[in-house]
Every structure is written in structure tokens, then in C-alpha cells.
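The values are calculated or read from the model by the stated rules, or taken from the named source; none is laboratory data. Computed from a prediction, not measured in an experiment: that's the story for all the values here. FYI the Cβ positions are ideal-geometry reconstructions off the backbone, even for glycines, and counts take in every protein chain you see.
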Amino acid sequence: MRQSVRACFRGRGYAYAERAEDVAERYGIPRIARLASNENPRPPSPLAVQAAMDALREANRYPDERMSALTAALRRYHGEGFRFVTGAGMDGVIETVLRAVVEPGEEVVITTPTFSFYGLAATAHGARVREIRRNPDFSVDLEGFIAASRNARLAFLCTPNNPTGNSTTPDLIRAILDETETLLFLDNAYVDFSDLDYRPLMQEYDHLIIGRTMSKVFSLAGLRVGYAFVPPWFEEYYLRAATPFALNSVSAAAAIGALSDVGHVAATRDHVRLWRERFSREIPYPVSPSDANFVLVDVAPRTADEMMRILASRGVLVRSCTSFPGLGDHYIRVSIGEDWENECFLQAIRGT
Ligand SMILES: *Cc1c(COP(=O)(O)O)cnc(C)c1O
């Protein structure tokens with residue numbers, strides 16, 4: 001029967017971080033510092049929790065298929081001039097965009113190293129994935145990216161990039177958009193931790209989609225809420241391609257509550273900036289400049305897997321980046337966690 005599974009699912013699939021419970025049990029350490037998944041260690045805003053509890057009482061009804069209340073909250077947050085679509089996480093949005101625009105066999109462009117889900121989702125969709133290697137400093141090979149995009153149906157670019165942490169400036173994105181007519185999906189999952197703003201580009205181009213998530217700065221990773229800024233012409237097609245009711249009403253209500261708590265966002269940003277500074281100063285290995293809530297650390301001459309095991313044995317869970325194609329075997333990615341988690345990590349890596 002196994003042969004009946006498609007070839008693209010016989011490989012390894014999405015590489016999840018190791019579970020904290022498993023590490024805790026293996027090393028007999030009660031409290032694990034969880035720095036492997038770029039989550040916000042701060043619990044969700046009380047406004048999000050209350051809104052979700054209220055929505056739960058009406059969970060007998062299907063959600064509003066257009067997510068009107070959530071898109072209205074997004075317009076209040078970002079500005080009335082924008083159009084939004086929503087999904088079950090930005091991952092869900094990415095899958096729906098692929099479904100809406102890419103025929104099987106057509107090309108999708110990604111950079112490497114980057115977030116692995118673009119390639120996995122595109123392959124599962126039957127697209128051909130064209131990988132453009134980033135430069136040694138992890139900046140985008142603009143000429144290569146533009147040339148490849150011209151032959152493709154859809155291109156993905158992540159800024160700030162996961163797992164490298166560096167940004168591609170809005171001016172460079174503008175240069176790409178000026179040179180191609182191919183739809184560009186710009187992944188802004190970490191943009192809240194940077195000083196950059198890509199939203200004005202939405203007013204200038206109708207072949208740009210900007211993906212966002214409620215999983216990071218808004219602390220709702222477990223509720224799976226993603227959304228995107230879309231050009232007006234695309235909204236209707238997105239709704240046709242989407243799985244009906246993919247985003248549930250409880251999560252949508254929580255997102256609306258979270259968007260109204262500006263204090264939560266500000267506190268998270270301040271905390272991340274402070275620790276990003278300290279990490280780059282105090283980690284005794286080369287740290288790549290980061291605009292995100294994590295840093296990439298070059299642990300050579302050790303391998304990433306070796307370092308991950310050493311840190312795990314000291315109660316700290318980080319991400320070995322060997323699962324990111326094109327990055328080699330000596331980088332770890334470390335999320336900024338709570339104070340005690342970060343201190344614990346610094347202490348653990350100092351002794352390696
Ligand atoms: C976390 C992340 C996302 C968002 O994921 P969700 O599905 O919304 O949780 C998207 N892109 C990148 C690069 C990420 O790191």
C-alpha cells in the first residue's frame with residue numbers, strides 16, 4: 001500500500017523542533033529552555049484570551065466565511081487602504097496562494113537557505129521548485145532571483161529571513177518588482193522585530209502579496225492565524241481557492257483581541273531588541289546580524305547536531321539548521337525566550 005503515497009511524501013517532510021517533554025525526560029531536567037521554534041515566550045494578551053472564550057460559546061455555528069470582523073480589525077491596525085485574506089497560519093495562506101495561481105508543472109522560485117515550507121508546499125502542489133542560492137552573507141542574489149522569477153508563476157522571498165535573520169530592504173524588493181511581472185509572495189513573519197516597513201509597497205504594485213502571522217509577536221502560535229495583504233484583484237480568487245472555513249472562529253476572535261493590545265506588541269519588541277544585542281555580544285561564536293526574534297550562530301568547528309545535543313543535555317533546546325537546505329552542518333538557530341531561558345542558554349554555550 002505504501003507505493004500509493006506520492007513520491008514527494010516519501011522523503012523527510014517538514015522538520016519539527018524536538019519536543020521539550022522528550023528532552024526533559026531524556027536528561028532528567030524538569031525545566032527546559034525552549035529556544036527552538038521562534039515562539040513568543042510571553043503568553044497571549046488577556047484581551048485575546050477573553051475574546052476566544054467568548055467566541056467558544058458560539059462555536060456551534062460555522063465561522064463567517066469572509067472573516068469580516070478580523071479583516072476589519074486588520075484594517076484598523078494597519079490602515080483602511082489595505083485588503084486582507086486570512087488562513088490557518090501563514091502556512092495555510094501559502095498553500096491557498098499556491099492553489100490559486102500555480103498549475104502543476106509550473107515553476108516556483110525560492111531562495112536558499114530559507115523557510116522550508118515554501119519548497120515543501122510547492123512540491124506537494126506539483127510545482128517545480130527553482131532554488132536561487134543566497135550570497136555568502138545571506139543577501140539575495142538579485143539578478144539570479146529576478147531572472148528565475150521571469151520564468152516562474154510565483155516567487156517567495158522571506159524578509160527578515162528565517163533562519164538567517166537578515167532583511168532584504170524595501171528598496172531591493174522594489175527593484176525586483178520593477179523588473180518582473182511575476183507574483184511575489186513576501187513573507188513578513190518577523191517584520192515586527194525589525195525597523196522596516198514593506199506595507200507602502202502594496203500601494204505601488206499589483207503583483208505583490210505580503211504574508212503575516214499572529215504566531216510570533218502576537219503570541220498565538222497554537223491558534224494558527226495567518227493573513228496576507230493582497231492586491232484587490234486577488235481577493236476573490238483567493239476565497240475560491242481556500243479550504244472552506246479553514247480559520248476557525250475561536251482563533252479569529254483571539255486574533256481580533258490580540259490586535260487591540262498594542263502594549264503586548266511593544267513589550268515583546270523591547271524584550272527582543274534587548275536580548276538580540278546581548279546575544280550578539282555574549283555568544284562566544286560568530287552571530288549573524290538579525291532583524292528577527294532569533295539569531296543564527298556559526299558553531300564551527302563543532303557541528304550543529306553535536307552542539308544541539310550538548311545544549312539539550314544542559315536543558316536548552318535550540319534548532320540545528322542542518323534541515324535547512326543550502327546552509328551546511330554548522331549553524332544553530334536560537335530564539336529569544338524568557339530572561340531565565342536566555343541566561344540559561346548563554347551559560348550553557350559559554351562552557352562549550
Ligand atoms: C513562523 C513562520 C511563519 C508563520 O507560520 P504560521 O503558519 O503562521 O505559524 C511563516 N513564515 C516564516 C518564515 C516563519 O518563520
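Of Ala148, Ala155, all but one fail to be of a type in the set (A, V, I, L, M, F, W, C), outside the structural domain of Ala36 (by TED's automatic domain parsing) and buried (at least 23 other Cβ atoms within 10 Å of the Cβ); the exception is Ala155. Could you go through the range 255-268 and let me know if any residue there is of a type in the set (D, E, K, R), in contact (Cβ under 8 Å) with a residue 60 or more places away in the chain and either more than 25 Å from Pro43 (Cα to Cα) or in a loop (DSSP other than H, G, I, E, B) (or both). Yes; the residues of the range 255-268 include at least one that is of a type in the set (D, E, K, R), in contact (Cβ under 8 Å) with a residue 60 or more places away in the chain and either more than 25 Å from Pro43 (Cα to Cα) or in a loop (DSSP other than H, G, I, E, B) (or both). Of all residues in the range 19-36, count the ones that are surrounded by fewer than 16 Cβ atoms within 10 Å (Cβ to Cβ) and part of a loop (DSSP other than H, G, I, E, B). Counting residues in the range 19-36 that are surrounded by fewer than 16 Cβ atoms within 10 Å (Cβ to Cβ) and part of a loop (DSSP other than H, G, I, E, B) gives 4. In the range 44-92, the residue that is farthest from Ala228 (Cα to Cα) out of those that are within 16 Å of the ligand (Cβ to nearest atom) and assigned to a helix (DSSP H, G or I) is Ala48. Just checking, how many residues over the range 1-17 are charged (D, E, K, R), under 28 Å from Val318 (Cα atoms) and free of Cβ contacts under 8 Å to residues at least 40 places away in the same chain? Residues that pass the stated criteria total 1. Restricting His264, His330 to those that are buried (at least 22 other Cβ atoms within 10 Å of the Cβ) and over 17 Å from Ser37 (Cβ atoms) reduces the list to His264. Figure legend. Inter-residue proximity from the range 175-201: first residues farther than 16 Å from Ala148 by Cβ, second residues away from the ligand (no atom under 12 Å from the Cβ) and of a type in the set (Asp, Glu), beta-carbon distance below 9 Å, spacing 6+ or different chains. Indicated pairs: Tyr190/Asp291; Val191/Asp197; Val191/Asp291; Phe193/Asp291; Ser194/Asp291; Asp195/Asp291; Leu196/Asp291. Mind checking whether some residue in the range 295-304 is touching a residue at least 12 places away in the same chain (Cβ under 8 Å), within 21 Å of Phe117 (Cα to Cα) and not small (Gly, Ala, Ser)? Within the range 295-304, one or more residues are touching a residue at least 12 places away in the same chain (Cβ under 8 Å), within 21 Å of Phe117 (Cα to Cα) and not small (Gly, Ala, Ser). Consider the range 269-292. How many of its residues are loosely packed, with under 15 Cβ neighbours inside 10 Å, outside any helix (DSSP H, G or I) and acidic (Asp, Glu)? Total meeting the criteria: 0. Considering Leu274, Leu311, Leu317, Leu296, the condition of being under 20 Å from Arg34 (Cα atoms), in contact with a Pro (Cβ under 6 Å, 6 or more places away or on another chain) and not charged (D, E, K, R) is satisfied by Leu296 alone.
Could you please let me know if Phe185 is surrounded by 18 or more Cβ atoms within 10 Å (Cβ to Cβ), in contact with a helix residue (DSSP H, G or I) (Cβ under 9 Å, 6 or more places away or on another chain) and of a type in the set (Phe, Trp, Tyr)? Spelling it out, Phe185 is indeed surrounded by 18 or more Cβ atoms within 10 Å (Cβ to Cβ), in contact with a helix residue (DSSP H, G or I) (Cβ under 9 Å, 6 or more places away or on another chain) and of a type in the set (Phe, Trp, Tyr). For Pro244, the stated conditions do not hold, so it cannot be described as away from the ligand (no atom under 16 Å from the Cβ), of a type outside the set (Ser, Thr, Tyr), under 30 Å from Val108 (Cβ atoms) and touching a His at 6+ places or on another chain (Cβ under 8 Å). With respect to Gly144, determine if the residue is small (Gly, Ala, Ser), away from the ligand (no atom under 16 Å from the Cβ) and closer than 22 Å to Arg12 by Cα. Spelling it out, it is not the case that Gly144 is small (Gly, Ala, Ser), away from the ligand (no atom under 16 Å from the Cβ) and closer than 22 Å to Arg12 by Cα. I'd like to verify a number: residues in the range 223-241 that are within 12 Å of the ligand (Cβ to nearest atom) and over 22 Å from Gly257 (Cα atoms), how many? Total satisfying the criteria: 0.
Of the residues screened, Thr96 is not one that is of a type in the set (S, T, N, Q), under 23 Å from Cys158 (Cα atoms), in the same structural domain as Ala221 (by TED's automatic domain parsing) and out of contact with any helix residue (DSSP H, G or I) (no Cβ under 8 Å at 6 or more places or on another chain).
Residues that are within 20 Å of Val101 (Cα to Cα) and not acidic (Asp, Glu) within the range 167-185 comprise Ile176, Leu177, Thr180, Thr182, Leu183, Leu184, Phe185, listed in sequence order.
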